[in-house]
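First comes the structure, then the notes that go with it.
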Amino acid sequence: MLGRLRRGPGDPSFSAEGGVWFAANTPCGPGTVHITRTNGEVLAEAWGEGGPWLLDGLPALLGADDTVDEFVAHHPIIAEARMQRPGLRLGATNRVWDLLFASILEQKVTGVEAFRTWRELGRRFGESAPGPKPLKVPPTPQRLLGLQDWEWHQCGLDGARRRTLINVAQVAHRLEKAAETRSRELLEKVPGVGVWTSAEVAQRAWGDPDAVSVGDYHVAKNVTWALTGKPGDDDAMMELLAPYQPQRHRAVMYLVAAGMRRPRRAPRFSPRDYRRF
């Protein structure tokens with residue numbers, strides 16, 4: 001569950017050494033939380049101005065508010081995955097900015113490209129996280145709005161994603177209401193934020209069980225292959241998932257948890273490095 005908050009290897013705001021550590025921006029300021037599990041109990045400790053807020057939100061982060069009992073499996077493979085993983089829950093951070101920032105970086109690029117840019121921006125412009133772990137809090141909207149063109153370029157960000165980030169940073173204080181109202185539509189009002197980006201945020205910010213990542217290069221192919229034996233497009237995926245509404249994303253997560261991925265035979269996309277352009 002918490003691994004979905006990690007943005008690739010070397011994420012400056014996340015560590016899985018000795019439990020789970022992550023740094024975040026909260027309504028009270030930056031904070032760091034350390035979460036461990038011992039003998040079936042979850043223990044947590046936090047630091048910084050945002051530490052108490054992170055501790056208060058820990059039950060929701062671990063899926064305490066998730067309505068998993070309402071889910072009904074319509075395919076044998078999903079029913080089996082659910083039986084094998086009865087504890088699978090959708091957690092909620094109840095914050096938008098950090099997630100939206102990271103999701104925009106992942107728009108229409110390879111994971112290697114997105115994670116590299118996330119690392120560069122975090123290490124260069126993120127505040128040192130409170131607590132004993134050497135982490136970085138993701139840069140704030142104000143910090144990003146103060147960057148110069150050459151600083152964006154050094155971090156490997158292209159013009160389209162940069163413009164979207166700037167658009168979002170300018171209205172970031174308003175977008176936090178999306179987590180309160182569970183509104184993907186509010187996020188999509190910002191130019192450059194589409195259905196894929198809003199779904200990626202909704203899945204993590206408020207544990208939306210119906211937010212399917214439509215437009216993803218892999219998701220539709222993997223879901224249709226798992227359920228029919230043949231890879232298909234978004235339309236085919238949504239048709240197969242129709243019986244699960246309003247729990248379509250949860251159905252996808254059971255397939256992900258079961259490791260259902262189509263065989264890859266084509267060459268991988270070569271990541272681009274905009275720093276060289």
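The values are calculated or read from the model by the stated rules, or taken from the named source; none is laboratory data. Since this is a predicted model, take the numbers as computed values, not measurements. Note: ideal-geometry Cβ built from the backbone for every residue, glycine included; neighbour counts use all protein chains shown. Heavy atoms of the whole protein, side chains included, go into the accessibility calculation; ligands, DNA and RNA do not. Shrake-Rupley method; radii C 1.70, N 1.55, O 1.52, S 1.80 Å.
Can you find a residue in segment 63-72 that is among the small types (Gly, Ala, Ser) and farther than 30 Å from GLN245 by Cβ? No: segment 63-72 contains no residue that is among the small types (Gly, Ala, Ser) and farther than 30 Å from GLN245 by Cβ.
The one condition from (1) modelled with pLDDT under 95; (2) of a type in the set (Val, Ile, Thr); (3) within 30 Å of ALA242 (Cβ to Cβ) that VAL96 does not meet is (1).
Restricted to helices (runs of 4 or more DSSP H) entirely inside segment 141-211, those with at least 3 residues that are modelled with pLDDT of 95 or more and touching a Gly at 6+ places or on another chain (Cβ under 9 Å) are 159-170, 195-205.
Which residues, counting only those in segment 212-231, are of a type in the set (Lys, Arg) and in a helix (DSSP H, G or I)? Residue satisfying the conditions is LYS221 alone. Looking across segment 185-213, just one residue is open to solvent by 40 Å² or more (accessible area, probe 1.4 Å) and among the β-branched types (Val, Ile, Thr), and that is VAL195. The strands (runs of 3 or more DSSP E) found wholly in segment 1-64 and carrying at least 3 residues that are of a type in the set (A, V, I, L, M) and at pLDDT 95 or above occupy 20-26, 41-47. Has segment 56-71 got at least one residue that is among the small types (Gly, Ala, Ser), touching a helix residue (DSSP H, G or I) at 6+ places or on another chain (Cβ under 6 Å) and either under 29 Å from ARG162 (Cα atoms) or open to solvent by less than 30 Å² (accessible area, probe 1.4 Å) (or both)? The answer is no; no qualifying residue exists. For HIS249, the test of being modelled with pLDDT under 95 and under 21 Å from ARG184 (Cβ atoms) is failed. Do we have any residue at all in segment 22-31 that's open to solvent by less than 20 Å² (accessible area, probe 1.4 Å), farther than 23 Å from ASP208 by Cα, touching a residue at least 60 places away in the same chain (Cβ under 8 Å) and among the hydroxyl-bearing types (Ser, Thr, Tyr)? No, because not a single residue in segment 22-31 is open to solvent by less than 20 Å² (accessible area, probe 1.4 Å), farther than 23 Å from ASP208 by Cα, touching a residue at least 60 places away in the same chain (Cβ under 8 Å) and among the hydroxyl-bearing types (Ser, Thr, Tyr).
Hey, among the residues in segment 133-168 that are under 14 Å from LEU100 (Cα atoms) and either more than 18 Å from the chain's Cα centre (by Cα) or free of Cβ contacts under 8 Å to residues at least 60 places away in the same chain (or both), which one's most open to solvent (accessible area, probe 1.4 Å)? The residue in question is ARG163. Taking the listed residues GLY229, GLY259, the one that is out of contact with any helix residue (DSSP H, G or I) (no Cβ under 8 Å at 6 or more places or on another chain), surrounded by fewer than 17 Cβ atoms within 10 Å (Cβ to Cβ) and at pLDDT below 90 is GLY259, with no other qualifying. The residues listed here are ARG250, ARG182; of these, the one that is in contact (Cβ under 8 Å) with a residue 12 or more places away in the chain, open to solvent by 30 Å² or more (accessible area, probe 1.4 Å), over 19 Å from LYS108 (Cβ atoms) and not hydrophobic (A, V, I, L, M, F, W, C) is ARG182.
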